[in-house]
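Chemist: This is the structure I have questions about; it appears just below.
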Amino acid sequence: MSHLWEILLEPKTYLWVAMSLLLNVGASVTNTFGPLILSGLGFDKYITSLLNIPFGFVQFLVIILSSSAAQKAKLKAPVLFLLIFPVIGGLAMLYAIPRSNQTGLLGGYYLLAFLFGSNPLIVSWIVGNTAGTTKKSIMMSLYNAGSSVGNIIGPLLFNEKDSPHYFPGLRAVLGIFVALAAVILLQLLNLVVLNHLQSIKRVADGKPAVISDASMEDEYMAIEEELLGNHKFDQTDGKNDEFVFLY
């Protein structure tokens, strides 16, 4: 129960859920209404199906490249934040470009594929910043709940009466991704503050203020400091003063 209460009292919990919710509103829009958007550009159902094939390929590339970039840079927040900009640009293109410009609109639609690189990064960011078996399980359940709610809300933003342009839905999703970028920055700031508080705790316990985080290293890193590594098994990140939050 202590894991449950800790997770309910932490602001970062609600920021994780907000990320999951906002992102999956956008994801459901592309999954459900991608064909409608393409058909609204004047393509028949056969060409619409074909044009979704490269969209899936772009998703695949974005997921691989963004995950590799996060691992290489040992940072998740900056990569996640940068992935939002192509999506915002794509939505702006779909909203502003005249319907007669099919090439420009199709390019804007393909930019939406960048959002699919975000889910793996958010999941790994959550797991890397949560300790304690029960706490981690609850957090992932909340993440999945946010994802499910997002997939329910997404289709409701697009109404048949708004076809073929779907301007109200595009405006709403554009605002959602701007909000998502803001939530990512808030979570990054929150984790910076939490690491500072962890340093204060360590000093009070007679430990070094700064310790190396080896969680994203490619090779095994031994603990060199004599005073470290003596915390209890399965402590949460809130209880373990040696826990280092990942950015």
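Chemist: Could you list, in sequence order, the residues of segment 189-209 that are assigned to a helix (DSSP H, G or I), out of contact with any helix residue (DSSP H, G or I) (no Cβ under 9 Å at 6 or more places or on another chain) and farther than 12 Å from residue 243 by Cβ?
Modeler: 189, 192, 193, 196, 200, 203, 204 - these are the residues of segment 189-209 that are assigned to a helix (DSSP H, G or I), out of contact with any helix residue (DSSP H, G or I) (no Cβ under 9 Å at 6 or more places or on another chain) and farther than 12 Å from residue 243 by Cβ.
Chemist: Given the conditions (1) farther than 21 Å from residue 29 by Cβ; (2) part of a helix (DSSP H, G or I), which single one is not true for residue 143?
Modeler: (1)
Chemist: Turning to a different aspect of this structure: Any idea which of (1) assigned to a helix (DSSP H, G or I); (2) basic (Lys, Arg); (3) closer than 21 Å to residue 30 by Cα is the one residue 99 doesn't satisfy?
Modeler: (1)
Chemist: Could I ask something else about it? Residues of segment 153-168 being more than 9 Å from residue 24 (Cβ to Cβ), assigned to a helix (DSSP H, G or I) and under 21 Å from the mean Cα position of the chain (by Cα), which ones?
Modeler: Result: 155, single match.
Chemist: Now for a separate question. Right, residue 38: more than 20 Å from the chain's Cα centre (by Cα), farther than 24 Å from residue 143 by Cα, aliphatic (A, V, I, L, M) and at pLDDT below 80 or not?
Modeler: yes
Chemist: Given the residues 15, 80, 51, 94, which is the only one that is in contact with a helix residue (DSSP H, G or I) (Cβ under 6 Å, 6 or more places away or on another chain), more than 23 Å from residue 168 (Cα to Cα), assigned to a helix (DSSP H, G or I) and at pLDDT below 90?
Modeler: 51
The values are calculated or read from the model by the stated rules, or taken from the named source; none is laboratory data. What you see is a predicted model, and the numbers here were worked out from it, not measured in a lab. Here Cβ is always computed from backbone atoms with ideal geometry, including for glycine, and neighbour counts include all displayed protein chains.
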